[in-house]
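Below: one structure, written as structure tokens.
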Amino acid sequence: MAAPIAIVKQELSEDTDIDIEAKIIELCTLTPKGITDDVIKAAVPQCDIQQRVIAVNRLLSTNHIELMKSGAKLLYKLKDPDAVSQIKGADTEEKVVFQIIKDAQNKGIWTRDIRIKSNLKNIQVLNKILKNLESKKLIKAVKSVNASKKKVYMLYNLEPDQSVTGGPWYSASEFESEFVEILNAQAHKFLQQKALDASIVYPEDPWKRLQTSYASADNVLQHITNLGISKVNLSVKHMESILDTLIYDGKAELSARTSGSSDGESMKIYRAVQPLTDTSGLVKTPCGVCPVISRCTVDGLISPKTCIYMKDWLDF
């Protein structure tokens, strides 16, 4: 009788593994960003670690899920069925290149780094693979603001990281200085109006006048949004960058205020101030902010005679 019992136990174990796999796929579907082993453990407490490992390995080997790293945690994520089916018929080299680009996530990877990691010596073969993956809409090339003549590759459906695009301050890899100046001026104007309103409401109470003159980055962002001067969505972090430029120019000061939450976290607040000294005339010239002025000579490669910035400034 011992043999039949063993067979029954084996059949039950296989059914249990299938149930675990179905549960893992269900959990991954509900959480597209990925799940940890602790989530699986909590969902199927009746299964031991060996059963979970067998189920996960089977799903990984059949391309149903993929393993990703987020910080110090390992996550299981449902694989894109379209991407799996399209890369399925590819040769080994194409699969290797695709995986390298995928591992780079939304920061992308340069062709040179792909060549080194894939060990593909022939650049023409690599270019052919990249074009093939691009034609299948599996990957895309994105210009990086860090090197305008170079492109980085990432998966087609990913939104590039701000370190690649430069965020809202860049358009087509070009720095939008005029846009930044407008935001800078409007943020400063808002803080000045805030200080003026405080002096009108509390003319005899210096403490309340001081406290009321402050505004948070969120307040300034709401004002900018209401004006409708930005065609891109700005975040509080973006606005803090703009307000930081006002601090560096001596037009605003930074303080902190308790947010009132249970964790006692402080909130950054800003107010307009009068600069202690007037801006030097030299700073307003191209030479005043030129990073290579130490190498500038009359007859050298860098020279005021050939400086396009000096010419534009003088024409203005």
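The values are calculated or read from the model by the stated rules, or taken from the named source; none is laboratory data. This is a predicted model, so every value here is computed, not measured. Neighbour counts are summed over all protein chains in view; Cβ atoms, including those assigned to glycine, are modelled from backbone coordinates with ideal geometry. The area values use the complete protein model at the heavy-atom level, side chains included, leaving out ligands, DNA and RNA. Shrake-Rupley method; radii C 1.70, N 1.55, O 1.52, S 1.80 Å.
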Exercise for the section: Please work out which one of (1) hydroxyl-bearing (Ser, Thr, Tyr); (2) open to solvent by 60 Å² or more (accessible area, probe 1.4 Å); (3) at pLDDT below 60 is the condition THR16 fails and give its number. Expected result: (2)
Exercise for the section: Determine whether TYR202 is over 15 Å from GLN186 (Cα atoms), in contact (Cβ under 8 Å) with a residue 40 or more places away in the chain and touching a helix residue (DSSP H, G or I) at 6+ places or on another chain (Cβ under 8 Å). Expected result: no
Practice task
Give the residues of segment 36-60 that are touching a residue at least 40 places away in the same chain (Cβ under 8 Å) and assigned to a helix (DSSP H, G or I), sorted by residue number.
Solution key: ARG58
Handout entry: Sole residue being at pLDDT 85 or above, over 23 Å from ASN157 (Cα atoms) and either of a type outside the set (Lys, Arg) or touching a Leu at 6+ places or on another chain (Cβ under 9 Å) (or both), chosen from ILE35, ILE40
Key = ILE40
Practice task
Please tell me if GLN162 is in contact (Cβ under 8 Å) with a residue 60 or more places away in the chain and open to solvent by 60 Å² or more (accessible area, probe 1.4 Å).
Solution key: no
Completion exercise
PRO275: passes all of (1) modelled with pLDDT of 80 or more; (2) closer than 20 Å to ALA195 by Cβ but (1)
Exercise for the section: Can you run down the residue pairs with Cβ atoms below 8 Å, 6 or more apart or on separate chains, where the first is in segment 257-279 and under 19 Å from ASN184 (Cβ atoms) and the partner is open to solvent by 80 Å² or more (accessible area, probe 1.4 Å) and modelled with pLDDT of 85 or more? Expected result: LYS268/LEU254; ILE269/LEU254; TYR270/LEU254; ALA272/GLN192
